[in-house]
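Step one of this worksheet: look at the structure below.
Rule-based calculations on the coordinates, nothing more; no lab input. The structure displayed is predicted, hence computed values, not measured ones. Methodologically, a virtual Cβ is constructed for each residue, glycine included, from the backbone with ideal geometry; neighbour enumeration extends over all protein chains shown.
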Amino acid sequence: MPTIGPQRTSPPETPAADPRAPDAPPPGIERRRTRRITVGHGDKAVPIGGGAPISVQSMTTTLTADVDATLQQIAELTAAGCQIVRVAVPSQDDADALPAIAAKSAIPVIADIHFQPKYVFQAIDAGCAAVRVNPGNIKRFDDRVADIAERAAAAHIPIRIGVNAGSLDKRLLAKHQGVTPEALAESALWEASLFEEHGFTDIKISVKHHDPLTMVRAYELLAEACDYPLHLGVTEAGPPPQGVVKSAAAFALLLRQGIGDTIRVSLSAPPVEEVKTGIGILESLGLRQPRLEIVSCPGCGRLQVDLYKLTAQVEAAFDGFDHPLRVAVMGCVVNGPGEAREADLGVSAGNGKGQIFVRGEIIRTVPEAQIVETLVEEALHLADNQGSHQKQS
């Protein structure tokens, strides 16, 4: 089996990121240079690696065989900002549903295959945008690589090699004395080498583990050893907030090194929450242009308003607001325009009223009951002005 070592192939030349682009890396981050793959075709195509923006993925929780329910959930994920969706294919009924799902989904559909290699071929024939295989869980997988590579290449469909801690080859477990970063990375490189033997390199790799530090080190080793794009994820991260914290910590450590081309936040929660969290992580790291950001103070003994209720009301009122604005909700004059000076607009609330400020300047004071509607009104006004300015430019 291959071992971790120097990069085996020279990465292709990729153009430098335009610093003006909305998803350009922030100063100080140099994205790892990888080969590029494309998931999907035509207007559904999502580029991964090779300098492309980091994409956000999720996975449906419906029974894949229930086409209507699966498509409904995909539509909800798409509306939340999901760019690629994965569906489980554990049975023949699920495989039979793939053509309708792949055709009607607005975003690329990846078939998630374990145990039965025949479903890989059915997923390719069904028009899925890509196939995820877990070699450790597929019977006699190594013997089918040539056929899979040939069919995937003919259909221009990439393969994701997804290695999990629970399905490592026993030889690797013995060699590394357990599930270690080295074992995870070596397993992925070994499986990739089998495809390389047949001239197939349209691959992305994931090496997931529930421990963030183990996961991070495994990806670092892969980044040193190959030029394939990498799909990041902490598997079995758990429910919020635990799963959010573990994923954010791991992603931040890797993305700040320029490692990672597409992500999934695996939460024990509705998949839409995975998408919102993933987008939020990228925005927080400056790797995606923010849409709407709500800044709010944590609260203290100076509060003279139900800050948590007010913040929730503001958040609900701005749900779906697509313009890149920063809205501040502050519970007193101390944390008012001064500390939220960089916000586009906000409120300092207390004593039954709220001081509304725009870019640090107080513009009016309104009764507490009118705070939310006033913020929405001012946000729409700012958005209109922003749109007019862009048209003139």
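Structure summary
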{"read-out": "³J(HN,Hα), Karplus 6.51/-1.76/1.60, whole Hz, each residue of the stretch 313-329, x for Gly, Pro", "value": "5, 5, 4, 5, 5, 9, 4, x, 6, 8, 7, x, 10, 10, 10, 9, 10"}
{"read-out": "Measure of compaction for the chain (Cα Rg per 2.2 N^0.38 Å)", "value": "1.10"}
{"read-out": "Selected from Gly260, Gly331, Gly238 as most flexible by GNM, with the chain as the system and alpha-carbon contacts under 10 Å", "value": "Gly331"}
{"read-out": "Highest-first arrangement of 296-309, 35-48, where packing means the average Cβ count within 10 Å", "value": "35-48, 296-309"}
{"read-out": "Selection from Ala188, Gly178, Thr201, by position along the positive dipole direction of the stretch 84-238 (Cβ)", "value": "Gly178"}
{"read-out": "Partners for Lys204 among lysines (Cα-Cα distance below 19 Å; same-chain residues under 8 apart left out)", "value": "Lys44"}
{"read-out": "Cβ-placed point charges (K, R +1; D, E -1), dipole of the chain about Cα centre in debye, nearest 20", "value": "640"}
{"read-out": "0 to 90° range, to nearest 10: angle between helix 145-155 axis and the chain longest Cα axis", "value": "50"}
{"read-out": "His156/Leu303 FRET efficiency (R0 35 Å; Cβ-Cβ; nearest 0.05)", "value": "0.05"}
{"read-out": "Label point at Phe321 placed 7 Å out along Cα→Cβ; residues across the stretch 287-308 whose backbone nitrogen lies under 16 Å", "value": "290-297"}
{"read-out": "Residues with amide H under 5 Å from that of Arg160, placed H, sequence gap 5 or more", "value": "Val131, Arg132, Val133, Lys204"}
{"read-out": "Most fluctuating residue given options His210, His176, His114, as computed from a GNM of the chain linking Cα atoms under 10 Å", "value": "His176"}
{"read-out": "Rounded Å value of the spacing that divides the Cα centres of the stretch 319-366 and the stretch 158-173", "value": "50"}
{"read-out": "For Lys353, residues with placed amide H under 5 Å, excluding near neighbours", "value": "Glu368"}
{"read-out": "Karplus 3J(HN,Hα) series, Hz, for the stretch 261-267 with 6.51 cos²θ - 1.76 cosθ + 1.60 (x for Gly, Pro)", "value": "10, 7, 9, 9, 8, 8, 10"}
{"read-out": "Cleavage-rule hits (trypsin sites (Lys or Arg not before Pro)) in the stretch 123-216: DSSP loop, at most 12 neighbouring Cβ within 10 angstrom", "value": "Lys139, Arg140"}
{"read-out": "Anchor Lys246: aspartates and glutamates whose Cα lies under 18 Å away (excluding residues fewer than 8 positions away in-chain)", "value": "Asp211, Glu220, Glu236, Glu273, Glu274, Glu283"}
{"read-out": "Relative packing of 214-227, 58-71, which averages over residues the other C-beta atoms within 10 Å, highest first", "value": "214-227, 58-71"}
